[in-house]
Amino acid sequence: MKVNNESLASMSGKAGKLKAGLCAARCSPLSARPAAIRFFAALLLAAQCAACAGWPEFDAYHGTITREQFIARLRQVHDAAGAFDAYLVYGSNDVAVFSTPARTGAPLLTLKFAAAPESARPLPRTFKRAADLARMPAPPNRPLAGIRIALDPGHIGGEWARMEERWFIVGRADRQVQEAVLARLVAMHLKKRLEAAGAEVVLTSDGFEPVTDFRPEDFRDQAEREIAAHPPRFAGCSPLEREAGLADAVRKRQELLFFRNAEIRARAEKVNMVLHPDLTLCIHFNAVEWGPDRRLAEENRLLFFLHGQTMAGEMEDDAQKRRLLFKLLEQSHPVEKAVAEAVADHMVEATGLPPVEYWAAPNVAPNPDHAYVFYRNLAANRLFDGPVVYLEPYFQNSRDVYRRIQAGDYEGLRTVEGRLRKSIYREYADSVADGVIEAYSAFRAGPAAGANNHDI
């Protein structure tokens, strides 16, 4: 989905001050609210666009990377196909980034390179990197001491679950399955495990209310414009059927703009401007496509995502270019890759499940070092600053997982589907905690490298 505004994470101070106005508009009488929301939303968008000029967050990254390191990181993580090269012009000691492949006019950014790794400027200390951790010995039995970890339990849930299409039930007497509930149960157990290991744990959301101040109706004008620009096909339909179909398409579009755009951006703002974690874990459960008879699936697999694999079409958006460059330069990849692979190892050990298989999917790239971990340009991975691991294990609509969800959360072991098992929520949380502890213990045991650790 293409959006005109840049990440809320990079709002200017002026945009931040407008939040009070947005909240006031949301509390206004219903008759006055739409106009007020549109007014403040327009101001917010203008402030954000003003903040885009010059991309000031890159000032601290000039001279922190060599040309060779920049190209290697771009190819190995963010743009294996080389599509981003169409927007770049390399100089003797810099690279200019342009808005279009024509590469005319003023560049969006000109990034200065370091002449050599040993002369590179220190990276901004926005999160703890492996080299930092090697200089921070942990107290006994507290391997995560000094580490702040944000947990992002996926989706909103509650009254919004059906709108999000993250709700289902098979039998009338069964527990309903809301992915937001599953994620929050995992987060509850994971928080306890991480804190016991010494981490400071913060949450992006701890209930079933949106983090964003916006609501679906606030996006009606934008939804109408987008549907008008790309109207659905209603071949063979009567005028009344077309009218009804268009109205429903607008409704669905404004809902998507709410829960798949505004909500993730609001969480990104919270992570980047308030929480400032060393690591963010996005907690989700996967699902497989329903068959025509809507029977529970027999297969069950594991999946984990790292940020990367920006597609050529996405690069047309300057906001996407901006985040690609920021994620490349902040050097979050080595930490998130090590954590994701360790977590995947522990979850494979706990479950014995195979990985999800992608066959030439253009928006996903394999990680040559681990069959369960993939690169993908997901909104949360892209918009959240610092290392982000997107967890999506288990098919919640598989027969095995559905039975485990019906068994609920419990201590110890129970026989479920003929096997003695932990609750699925504790199995998930324990696997993630064990992987995080293993990865950070390895960081702390590693060499205390210099200020510039530019390993891919």
Can you tell me the order of 405-415, 251-261 when each peptide is scored by its average per-residue count of other Cβ atoms within 10 angstrom, highest first? 251-261, 405-415
Net charge contributed by nearby residues that have their C-beta within less than 13 Å of residue 408 (K/R +1, D/E -1): +4
For the chain, what does the helix formula give at 222 nm: sum of -39500 (n - 2.57) over DSSP H segments with n ≥ 4, over the residue count, nearest 500 deg cm²/dmol? -11500 deg cm²/dmol
Coil-residue trypsin sites (Lys or Arg not before Pro) of the stretch 70-148, DSSP, other Cβ within 10 Å capped at 12: 125, 135
In the chain, which whole DSSP H runs stretch at least 15 Å along their own axis (Cα) and average -1.0 or higher on the Kyte-Doolittle scale? 33-52, 179-196, 239-256, 318-330, 333-351, 424-445
Sorted by Cβ density within 10 Å, fewest first, the residues 348, 388: 348, 388
Virtual spin-label span in nm between residue 410 and residue 60, 7 Å along Cα→Cβ: 4.9 nm
At 1.306 mPa s and 10 °C, Stokes D of the stretch 302-456 from Kirkwood alpha-carbon radius, µm² per second: 92 µm²/s
Order by neighbour count: 174, 94, 385, fewest other Cβ atoms within 10 Å first, most last. 174, 94, 385
Additional length obtainable on full extension of the chain from residue 420 to residue 288, 0.36 nm per residue less Cα span: 45.0 nm
Please compute the net charge surrounding residue 166, taking Lys and Arg as +1 and Asp and Glu as -1 over other residues with Cβ under 13 Å from its Cβ. -4
Give, as a single signed number, the net charge of other residues whose beta carbon lies under 9 Å from the beta carbon of residue 156, with Lys and Arg counted +1 and Asp and Glu -1. -3
So, in Å, what gap is there between the alpha-carbon centers of the stretch 417-449 and the stretch 194-224? 25 Å
Inter-label distance for residue 349 and residue 369, nm, one decimal - labels placed 7 Å from Cα along Cα-to-Cβ: 1.8 nm
So, in the chain, how many Lys pairs have Cα atoms under 16 Å apart, if the pair is 8 or more places apart or on different chains? 7
With labels modelled as points extended 7 Å from the Cα through the Cβ direction, what inter-label distance (nm, one decimal) is found for residue 76 paired with residue 176? 4.7 nm
Cα centroids of the stretch 238-290 and the stretch 310-344: how far apart, whole angstrom? 20 Å
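Just so you know, all these numbers are worked out from the coordinates, no wet-lab data involved. Everything numeric here is computed off the predicted structure, so don't read it as measured data. Methodologically, a virtual Cβ is constructed for each residue, glycine included, from the backbone with ideal geometry; neighbour enumeration extends over all protein chains shown.
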